[in-house]
Amino acid sequence: MQLRHRKCIPPLVFASTFALLLLFFTTYYHFHGIPFLSSRHVPVVDDSFHFVEHQLRPIPVSTLPSPPRFAYLVSGSAGNGNMLRRVLLAIYHPLNQYIVHLDRKASPQERLALERFVKGYKVFKEVGNVRMIVKANLITYRGSTMVANTLHAAAILLREGGDWDWFINLSASDYPLVTQDDLLHTFSHIPRDLNFIDHTSKIGWKASQRAKPVIIDSGLYNLRRADVFWIRQKRSVPTAFKLFTGSAWMVLSRPFIEYCVWGWDNLPRKVLMYYTNFLSSPEGYFHTVICNAEAFRNTTVNSDLHFISWDNPPRQHPQLLRLAHMNRMLESNAPFARKFYQNGRLLDKIDAELLSRGREMFTPGGWCAGSRENGADPCSVVGTPTVLKPGPGAQRLQALINFLLSDAIFRPRQCE
């Protein structure tokens, strides 16, 4: 029996790897309908470019750079439907693109309620920039199906989302600490091929506990949610590329997303096959690809742009944020934070003091052309999307960007 079990292992590993690749390839062909190989030129950051001003100075309107556009993936699981609605309203802006995904662990009723909200909301229908993945994916926590889901959303955004500049992945446990006007204004002044991704090559204990073990994500071939499972054999650390690890939350440039999806050389596919059997692959796949790709390794900014509070020593999950974390969140100057209690008092405080957002309303910005009379949402009427009204959040975020792109931080911390 033991011999028979061992003989079954290689086909099982091969099958899981093939399933992940087949899922990704068929998804992209379905939504894009073009070959993966492409000779498209990828712009690279010039070492001599002066990235940011030391201070924001008023300049004539005619010389202001055009605001960028963000493409968001906002995802959740069972019980997250209402929180996904709240996050979506808090980060909404007509310039951006949004994909909402509620995985298959959620009940059909919860997914249907969220779908009706997305498809029926007046502003969403008018602007047409919010989509929901109706045929939900099965996501296994710590498994490679999380990477497949991210690539799935990115492929849809490349196919249907028009022009956008950065891809941002958030969960129902994330929340903004600045307005979209703050974010768009600040990112207007930086090169659009920068990638904000927390990463390191110092993988430490992860070499023995994640790189060498081989895991199977049952979500690649099962219809029901289950955990990953381990097989007995182990593998050596790869020599064809160097492993990197870091945060699963990131702000990635469109050129890099195109590279991961189209893969005009073989690196993205090769790394994808390796991470099919890697524990917690979202914390390593994009990091390993970007730091092993010559065209992109010099575009990395070593930050996930999140405030996250960890225990000491760190546990598997970060602390749930409370009102006591408010000052530290502001001092971090980060545009996002996680993890939050669903609909907790801290979120209400952020809405009131940082976003000026009413309950069940959008975060206001320069695009809002409606009236506030009788408690109405001024953003129920869409004005000019390119009109930005940055506030104090833009100053905090600019301070963080200045720090991250400083001579002492930016180059020395790239793919180290």
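Gain in length, residue 345 to residue 64, computed as 0.36 nm per residue apart minus the alpha-carbon separation, to one decimal in nm?
On the way: separation 281, 0.36 × 281 = 101.16 nm, distance 3.79 nm.
Between residue 345 and residue 64, full extension yields 97.4 nm more.
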Using only Cα positions of the stretch 132-251, each an equal point scatterer, no hydration layer, compute I(q)/I(0) via Debye at q = 0.14, 0.16, 0.23 Å⁻¹ and quote the log10 values to two decimals. -0.86, -1.07, -1.44
Please arrange 350, 91, 203 by how many other C-beta atoms lie within 10 Å of their C-beta, fewest to most. 203, 350, 91
Given a cut-off of under 8 Å on Cα pairs at least six residues apart, what relative contact order in percent is computed for the stretch 356-416? 23
From the C-alpha gyration tensor of the stretch 216-325, pull out the three semi-axes of the equivalent ellipsoid (sqrt of 5λ each), sorted largest to smallest, in whole Å. 25, 23, 14
Using a basic spin-label model with each label point 7 Å from the Cα along Cα→Cβ, how many nm lie between residue 107 and residue 384? 4.8
Would you list 264, 310, 249 from fewest to most Cβ contacts within 10 Å? 310, 264, 249
Residue separation between residue 125 and residue 159 times 0.36 nm, minus their alpha-carbon distance, gives in nm 10.3 nm
Residue by residue through the stretch 75-90, the couplings from Karplus 6.51 cos²θ - 1.76 cosθ + 1.60 with θ = phi - 60°, in Hz, x for Gly and Pro, are 10, x, 10, 4, x, 9, x, 5, 5, 4, 4, 5, 4, 4, 5, 5
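Past the 26 Å Cα-Cα mark, which pairs from 339/389; 122/389; 206/339? Walk me through the intermediate numbers first.
On the way: 339/389 28 Å; 122/389 23 Å; 206/339 23 Å.
Among 339/389; 122/389; 206/339, the Cα-Cα distance tops 26 Å for 339/389.
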Identify all aspartates and glutamates with a Cα-Cα distance to residue 105 below 13 Å; exclude those on the same chain that are fewer than 8 residues away in sequence. 227
Interchain or long-range residues, amide H under 5 Å from residue 321's placed H: 339, 340, 341
Give the cross-link partners of residue 212 among the lysines, using a straight C-alpha distance below 20 Å as the criterion and excluding same-chain residues fewer than 8 apart. 7, 202, 234, 242, 270
Exposure proxy check: 93, 152 ranked by fewest other beta carbons within 10 Å? 152, 93
7 Å from Cα along Cα→Cβ at both residue 369 and residue 200: what's the point-to-point distance in nm? 5.0
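Taking the Cβ-Cβ separation of residue 134 and residue 359 as r and a Förster radius of 30 Å, what is the calculated FRET efficiency to the nearest 0.05?
0.65
Assuming R0 = 51 Å, what is the FRET efficiency of residue 82 and residue 241, from their Cβ-Cβ distance, to the nearest 0.05? Mind showing how you got there, number by number?
Numbers: r = 41 Å, r/R0 = 0.81.
The value I calculate is 0.80.
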Starting from 0 in steps of 10 Å, tell me what percent of the Cα-Cα pairs of the stretch 54-200 lands in each bin. 10, 38, 34, 13, 4, 0
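Quick note: the coordinates plus some simple rules give every number you see, no bench work behind them. Bear in mind that the values here come from a model prediction, so they are computed numbers and not experimental data. Note that each Cβ is placed from the backbone with ideal geometry, even for glycine, and that neighbours are counted across all protein chains shown.
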